[in-house]
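Derivation of every value follows stated rules applied to the coordinates shown; laboratory data play no part. Please read these numbers as outputs of a predicted model, since none were measured by experiment. Heads up, the Cβs are rebuilt from the backbone with ideal geometry, glycines too, and the neighbour counts pull from every protein chain shown.
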Amino acid sequence: MNLNCMGQFPEYRPRRLRQFPALRRMISETRLSADQLVLPLFARAGRKLRKPINAMPGVFQLSLDELLREATQAFEAGVPAVLLFGIPEKKDAKASGAYASNGIVQQAVRLLKKELPELLIITDVCLCEYMAHGHCGIVHHSKNRTRILNDPTLKLLARSAASHAEAGADIIAPSDMMDGRIQAIRTELDRLGFDETPIMSYAAKFASAFYGPFREAAESAPQFGDRRSYQMDAGNTNEALREVALDIQEGADMVMVKPALAYLDILHRVKTEFGYPTAAYAVSGEYSMIKAAAANGWVDEKAVTLESLLAMRRAGADIIITYSATDAARWLREK
Ligand code: PBG
């Protein structure tokens, strides 16, 4: 922008254009639309089950009948896509539930594609919900060190992604942060004939305390240690750009920055440097903070939620994953 040619007070008065609602809307630079929202959903076995997540009011672990209900409401409100997570009946050391052809996510995908064929189904590909130890990869213990093994984990991730595609998933979203996973997944999908299935990679995913409530929701808290050997350090920007570059080179069709609100600078850099379709994930802790403050009457939930989502759009997000998607879509329609 050339600020030299800008007028000065008293000739230039920005407030002139703020006088009328219609005029403010006309010159609004950023728009938020329901078309850009994705609703995360948690599937688990059972019937008529809506298990509340303590720290996320309004979010539940859902049996498939209830999941369909929730997805239908989102779709009818104008939300075009859901992101599926699964809570398996049993966890083990090789995450069998992640790639079982009759696993909970695979069942959910088949049901939703059958009942709501126009709703886009995105599946989160990760192992932490399915591993007894809660880590996103295979754990190897030696005398004085515990490691998460990278390359052996890739095979399980590729297998999980393939099982989601086989069930009918429209978009695959790997969230594990192992090196090389996009390449491994792309290669496996192509080999099986799913060369048209897009990958939305959680490319710049930070090791964040804002995921706290999610780990209750997905029952995926690590049983020892933390995720810092695979998720990114909160202070790093250049590394985030390298992560995104790698994922694009490996075949990601869309990239994601996560969390969103505390990482808007990263989002902006990623969008301006690469110009790829970019998603922001407004994570569980972001949702919980707004809910808690709103429950106390300290903030206006609707206004604060829409303002945060708009900020993500302004920073560069094309797509926003948010637990408030259905509410936000309804609020946007009222407007
Ligand atoms: C799985 C995964 C996590 C989230 C999305 N996928 C948890 C984590 O990495 O610990 C977090 C989502 C949220 O907090 O809303 N790896």
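FRET efficiency for the residue 221 to residue 142 pair, using the beta carbon distance and R₀ = 22 Å, is estimated at 0.40. Across the stretch 162-169, coupling constants 3J(HN,Hα) worked out from phi with the 6.51/-1.76/1.60 Karplus curve, θ = phi - 60°, read 5, 5, 5, 5, 4, 6, x, 4 Hz, and Gly and Pro carry x. Report the calculated FRET efficiency for residue 29 and residue 249 (r = Cβ-Cβ distance, R0 = 35 Å), to the nearest 0.05. Efficiency at R0 = 35 Å is approximately 0.65. With the helix formula -39500 (n - 2.57) applied to DSSP H stretches of n ≥ 4, the chain reaches a computed 222 nm mean residue ellipticity of -12000 deg cm²/dmol.
Against the main long axis of the alpha-carbon atoms of the chain, helix 301-315 sits at an angle near 90°. Only beta bridges with both residues in the chain are counted; by DSSP, about 20 percent of them are antiparallel. Were the residues from residue 73 through residue 179 laid out at 0.36 nm apart, the gain over their Cα-Cα distance would be 34.5 nm. Taking amide H as placed 1.01 Å from N in the peptide plane, residue 234 has its amide H under 5 Å from the amide H of 207, each at least 5 places away in sequence or on another chain. Taking label points 7 Å from Cα along the Cα-to-Cβ direction, residue 20 and residue 228 give a separation of 5.7 nm. Find the centroid of the Cα atoms in the stretch 227-303 and in the stretch 102-176, then give the distance between the two in whole Å. That distance is 20 Å. A Gaussian network model of the chain, with springs between Cα atoms under 10 Å, assigns the largest mean-square fluctuation among 210, 60, 274 to 274.
For the chain, the longest principal axis of the C-alpha atoms and the axis of helix 181-191 are separated by about 70°.
Straightening the chain between residue 92 and residue 195 buys 34.0 nm, computed as 0.36 nm per residue apart minus the Cα-Cα spacing.
For the stretch 31-92, the relative contact order is 45 percent, taking Cα pairs closer than 8 Å that sit 6 or more residues apart in sequence and dividing their mean separation by the residue count. Residue 158 sits among other residues whose Cβ lies under 10 Å from its own Cβ, and their net charge, with Lys and Arg +1 and Asp and Glu -1, is +4. In sequence order, the stretch 272-282 has phi-based couplings of 6, 6, 10, x, 8, x, 10, 10, 10, 9, 6 Hz under the Karplus curve 6.51 cos²θ - 1.76 cosθ + 1.60, θ = phi - 60°, and Gly or Pro positions carry x. Sequentially through the stretch 42-57, phi angles give Karplus couplings (6.51, -1.76, 1.60; θ = phi - 60°) of 10, 9, 8, 5, x, 9, 6, 9, 10, 8, x, 8, 3, 8, 10, x Hz, Gly and Pro residues having no value and appearing as x.
As I understand it, the value is the acute angle between the Cα axis of helix 284-295 and the longest principal axis of the Cα atoms of the chain; what does it come to in degrees, rounded to 10? Around 50 degrees separate the two axes.
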